[in-house]
Amino acid sequence: MTRLRVHCFSTSLDGRAAGSHQSVDAPMGVGGELLHGWVFETAYGRAMIGQDGGSNGVDDAWLRRGDVGVGATVMGRNMFGPVRGPWPDDDEWRGWWGEEPPYHHAVFVLTHHAREPLEMAGGTTFHFVTDGLDAALARAVEAADGGDVRLGGGVSTVREGERLVDGTRAWPPGYALVESEAGERAQHLRFTRT
């Protein structure tokens, strides 16, 4: 049975998952790389961006675990890139990841502006969905063909607003913490729907 999962979603203690002022030079917003820097210290994270090295500890294990069984991804337009408004006529923007994104499956990008699917090396095809999250999820479940669907972010895709959680005194409403482990550079938490 297909599950909807959110994984590798780094947040600050106040629930922010990116910095402000996203741009080509600051893909995760100003200061956002500090939240996600742990990913690129791992062997798996470095391999995703075509680099060698990295650690093989707890952080690496959690990152690898998040890809197991995922057959499709849904993401917001900001996660795909900094381009705002209608897509440029040249379709030059092809995502942050270079010619071989780390997904290797269908990715459904939520947008208000139509664009033809973008096929990339390694089996990733970006599909641009203009009829909302429910339509994107339905298409992703079909594309996953029995695998899980990852809800990739950003925050406004996972939850309305800028913060994933409101404050640090309670877990997200409707979820229970089922696993927690300290990594080398991040605290890893796993929640399930209650």
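The values are calculated or read from the model by the stated rules, or taken from the named source; none is laboratory data. Values in this document were obtained by computation on a predicted structure and should not be read as measured data. Positions of Cβ are backbone-derived with ideal geometry, glycine not excepted, and every protein chain shown enters the neighbour counts.
Is at least one residue of segment 48-64 modelled with pLDDT under 90, within 22 Å of VAL107 (Cα to Cα) and surrounded by 17 or more Cβ atoms within 10 Å (Cβ to Cβ)?
So far as segment 48-64 goes, yes, one or more of its residues are modelled with pLDDT under 90, within 22 Å of VAL107 (Cα to Cα) and surrounded by 17 or more Cβ atoms within 10 Å (Cβ to Cβ).
Just to be sure, is ALA143 closer than 20 Å to ASN78 by Cα, at pLDDT 95 or above and not in a loop (DSSP other than H, G, I, E, B)?
no
Out of ALA61, ALA17, which single residue is under 14 Å from the mean Cα position of the chain (by Cα) and either within 14 Å of ARG185 (Cα to Cα) or touching a residue at least 40 places away in the same chain (Cβ under 8 Å) (or both)?
Sole residue among the options that is under 14 Å from the mean Cα position of the chain (by Cα) and either within 14 Å of ARG185 (Cα to Cα) or touching a residue at least 40 places away in the same chain (Cβ under 8 Å) (or both): ALA17.
Which of the residues spanning segment 29-56 are over 17 Å from GLY19 (Cα atoms) and part of a loop (DSSP other than H, G, I, E, B)?
ILE49, GLY50, GLN51, ASP52, GLY53, GLY54, ASN56
Tally up the residues in segment 67-108 that are within 21 Å of ALA26 (Cα to Cα) and in a strand (DSSP E or B), please.
Of the residues in segment 67-108, 2 are within 21 Å of ALA26 (Cα to Cα) and in a strand (DSSP E or B).
With respect to ALA135, is the statement that it is modelled with pLDDT of 95 or more and over 22 Å from ALA18 (Cβ atoms) true?
Against the criterion (modelled with pLDDT of 95 or more and over 22 Å from ALA18 (Cβ atoms)), ALA135 qualifies.
Any chance segment 9-22 includes a residue that's under 22 Å from ALA140 (Cβ atoms), touching a Gly at 6+ places or on another chain (Cβ under 8 Å) and not small (Gly, Ala, Ser)?
Yes, some residue in segment 9-22 is under 22 Å from ALA140 (Cβ atoms), touching a Gly at 6+ places or on another chain (Cβ under 8 Å) and not small (Gly, Ala, Ser).
Looking only at segment 64-92, count how many residues are free of Cβ contacts under 8 Å to residues at least 24 places away in the same chain and among the aliphatic types (A, V, I, L, M).
Residues in segment 64-92 being free of Cβ contacts under 8 Å to residues at least 24 places away in the same chain and among the aliphatic types (A, V, I, L, M): 2 in total.
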